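Here the structure comes first, spelled out in structure tokens, and everything after it is commentary.
The values are calculated or read from the model by the stated rules, or taken from the named source; none is laboratory data. None of these values were measured; they are calculated from a predicted model. Quick reminder, even Gly has a Cβ in these numbers, built from the backbone with ideal geometry, and neighbours come from all protein chains shown.
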Amino acid sequence: MKEDFNDLVGFMTVARERNFTRAAAQLGVSQSALSRTVAGVERRMGLQLLRRTTRSVSLTDAGERLLSAIAPRFEEIEAEVDSLRAMTNQPNGTVRITTTDYAANSYVWPRLQPLLRQYPELKIELVNEYGLSDIVADRYDIGVRLGDQVAKDMVAVRIGPDMTMSIVGSPAYLQSRPQARTPQDLMLHSCINLRLPTRESLLPWELRKGRRELQVRVEGQLTFNNVYQMVDAALGGFGLAYVPKDLVEGQVRDGRLCWVLEDWYPTFVGHHVYYPSRRKSSRAVELVVEALKTGYQRGA
């Protein structure tokens, strides 16, 4: 029996999201209707494709096999449709971008605003996350990360200068703690951590002095998944924060924050926009990439 393409899309969306509620919202249908759709596919195939519990959804072996078979074909269809749309030279559809909050605020959002005003039909979805997403599997069109984090099989274009990380604390906090003269002294301080998507994973503080490189696992009272909240906590005197240097230079000039272990600050290759080399880019994606690249070249 032939399967309805819409039913397969429903299954594929649930399989990717691992959640009926999110998948239903993405498809614009009710959760109950989507559940019936997937159950119908399973019934007609005579196979269980998903394992459902009250808290999670996972794929059976049959579900994994079906997803791996149909997902690339639907992606090819979407790519071809995007290519046909591009023939009109008018950007259509939604460009999904995975980035970090710092990159979004510093480079992405400021440069996309003129583009959105110029092309009202263009839609942008910005997702801030500190994990290294598989943009193909997670159905992003482009990603923005530091240059050394981009996979070698991606097309990558630089959009930002090299980034130096820093350690800062408020004067009030530093008066109450011993002076940090070495990276080991960080163990005597309350440090503000950044949570990565993996539940047990906190961002280590990478430090560099000449040829010496260290990764320090710090501890403290606070953990965030947003660098701007880390800065706010440091300003409030809750501890030391490891954040991009240019993000806090103004607060240091104003005397609200102070540099700590300044001779250990590392510099990383700047932010790049990247996308799969094997995929034909839509006109919308091309315009977004050009806007991000041109903004860097102009120093904006």
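In summary, ARG256 fulfils each of the numbered conditions (1) touching a Pro at 6+ places or on another chain (Cβ under 9 Å); (2) of a type in the set (D, E, K, R); (3) without any contact (Cβ under 8 Å) to a residue 40 or more places away in the chain with the single exception of condition (3). Considering only residues in the stretch 14-39 that are more than 28 Å from the chain's Cα centre (by Cα) and surrounded by fewer than 20 Cβ atoms within 10 Å (Cβ to Cβ), the one that is nearest to ASP138 (Cα to Cα) turns out to be SER35. Look at (1) modelled with pLDDT under 95; (2) over 27 Å from the mean Cα position of the chain (by Cα) and you find that GLY255 fails only one, number (1).
Is there a residue being of a type outside the set (Phe, Trp, Tyr) and modelled with pLDDT of 90 or more anywhere in the stretch 71-87? Checking the stretch 71-87: not a single residue is of a type outside the set (Phe, Trp, Tyr) and modelled with pLDDT of 90 or more. Considering SER201, SER176, SER166, SER106, the condition of being under 29 Å from GLY239 (Cβ atoms), touching a helix residue (DSSP H, G or I) at 6+ places or on another chain (Cβ under 6 Å) and either small (Gly, Ala, Ser) or without any contact (Cβ under 8 Å) to a residue 12 or more places away in the chain (or both) is satisfied by SER166 alone. All of LEU66, LEU112, LEU47 fail the test of being among the hydrophobic types (A, V, I, L, M, F, W, C), in a helix (DSSP H, G or I) and more than 30 Å from GLU290 (Cα to Cα), apart from LEU66.
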